[in-house]
Amino acid sequence: MTEKIAFIFPGQGSQFIGMGHDIMDEFPEAKEIFMQADDICQRPISRLCFEGPMDELTLTVNLQPAITAVNLACLTALNSSGIKPTVSAGHSLGEYAAMVSAGIITGHDALRLVKKRGELMHSESLSNPGVMAAVLGMEMDSVGEIVTQAQEKGVLAIANHNTAEQIVISGEKESISHAVNLVKERGGKAIPLKVSGAWHCSLMKNAVDKFRQYMEDISFSSPETTVIFNATAQSHGDPEEIKDIMAQQLVNPVKWYGIILKMLEEGVDIFVEVGPKNVLTGLLKKIIPGDRDSKVYNVQDVESLKGFLKAI
């Protein structure tokens, strides 16, 4: 098969009760991943994935290892079926599974990293509370102008550039409220997001150095295949530089739109969302030009895995 395959991994917001269960039943390597998650976190992450309750699953300290475990289980199922990507990327949290996909870190170390990341982000969200909102129907330049104007009310930043006209902003409550009003005045739409903190903005800055220091004891290797990183929308090969990028990811925007455009530019033919739900699949359908013959799949359980394998 000569087609270029991209694996893309979802982040927080893609969770559902029961995720990963049948993949674990079918693939022994996937079962090992969930056992590692429980052991590393010293909490029943696998039970939360399979049985809930949802309010406990969605706590960021639980959700980050939970989503990562499911992403890695689905990745294992694909690899075991003989499918390897040309390029990988992950949306925010999903970047850790992307690094495993490319051989930069092990699955065990990915779970260690996201456990620490979740703890640091939770701590910062308590010390520096904030909110997020999705802006729809406006392009980046217009949202950037609004953010600059609303920053007079407090911390505010662009957190995610998801599609040409879907941009997430993050910051303090008053500045977000002001920005939302400005969006509506200019004919856009703004939707408050149900999140427990203001991710990807300077309210997380105290976590950056702590996380970078934690990474000193974790082995990063040069990528075996390409990863396009959130913070730069570029590929990088130096392990120490990648550690810096992953620490800065906590306060930098997720350049998802740029990542997908780069994949299209580099000739990716097949996109596979590897993990729960189909949030990234929905974004892809808004980004890929109508005249482009790209194929988009989601692999989140045994049925969708079989469907993908049959299709290709």
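The values are calculated or read from the model by the stated rules, or taken from the named source; none is laboratory data. As the structure is a computational prediction, the values presented were derived from the model and not from experiment. Positions of Cβ are backbone-derived with ideal geometry, glycine not excepted, and every protein chain shown enters the neighbour counts.
Residues in the stretch 173-207 that are closer than 12 Å to Val135 by Cα and of a type in the set (Lys, Arg) were compared, and the one that is surrounded by the fewest Cβ atoms within 10 Å (Cβ to Cβ) is Lys184.
Being surrounded by fewer than 18 Cβ atoms within 10 Å (Cβ to Cβ) and out of contact with any helix residue (DSSP H, G or I) (no Cβ under 8 Å at 6 or more places or on another chain) is a property that Asp244 lacks. Within the span defined as the stretch 197-215, every residue fails to be farther than 30 Å from Glu172 by Cβ and out of contact with any helix residue (DSSP H, G or I) (no Cβ under 6 Å at 6 or more places or on another chain). Every test in (1) free of Cβ contacts under 8 Å to residues at least 12 places away in the same chain; (2) part of a loop (DSSP other than H, G, I, E, B); (3) farther than 19 Å from Ser127 by Cα is passed by Lys194 save one, and that test is (3). For Lys210, the conditions (1) assigned to a strand (DSSP E or B); (2) surrounded by fewer than 19 Cβ atoms within 10 Å (Cβ to Cβ) are fulfilled apart from (1).
Within the stretch 86-102, how many residues turn out to be of a type outside the set (A, V, I, L, M), over 16 Å from Gln249 (Cα atoms) and either touching an Asp or Glu at 6+ places or on another chain (Cβ under 8 Å) or part of a loop (DSSP other than H, G, I, E, B) (or both)? Result for the stretch 86-102: 1.
Being surrounded by fewer than 24 Cβ atoms within 10 Å (Cβ to Cβ), among the β-branched types (Val, Ile, Thr), in the same structural domain as Gly118 (by TED's automatic domain parsing) and in contact with an Asp or Glu (Cβ under 9 Å, 6 or more places away or on another chain) holds for only one residue in Thr58, Thr76, and it is Thr76. Of all residues in the stretch 5-27, exactly one satisfies the criterion of being buried (at least 24 other Cβ atoms within 10 Å of the Cβ), more than 21 Å from Asn162 (Cβ to Cβ) and either free of Cβ contacts under 8 Å to residues at least 12 places away in the same chain or β-branched (Val, Ile, Thr) (or both), namely Ile23.
Please verify whether Val299 is in contact with a strand residue (DSSP E or B) (Cβ under 6 Å, 6 or more places away or on another chain), under 29 Å from Ile23 (Cα atoms) and among the hydrophobic types (A, V, I, L, M, F, W, C), treating the condition exactly as stated. The answer is yes for Val299. A single member of Ser222, Ser235, Ser202 is in contact with an Asp or Glu (Cβ under 8 Å, 6 or more places away or on another chain) and hydroxyl-bearing (Ser, Thr, Tyr), and it is Ser222. Scan the stretch 47-79 for residues that are under 25 Å from Ala102 (Cα atoms) and without any contact (Cβ under 8 Å) to a residue 24 or more places away in the chain and jot them down. Selection gives Asn79 alone.
Taken together, Asn160, Asn206 contain a single residue that is modelled with pLDDT of 95 or more and assigned by TED's automatic domain parsing to the domain that holds Ala233, which is Asn206.
Within the stretch 144-172, restricting attention to residues that are acidic (Asp, Glu) and assigned to a helix (DSSP H, G or I), the residue that is surrounded by the fewest Cβ atoms within 10 Å (Cβ to Cβ) is Glu152.
A single member of Ile105, Ile83 is over 22 Å from Pro253 (Cα atoms), crowded, with 21+ Cβ neighbours inside 10 Å, touching a Leu at 6+ places or on another chain (Cβ under 9 Å) and at pLDDT 95 or above, and it is Ile105.
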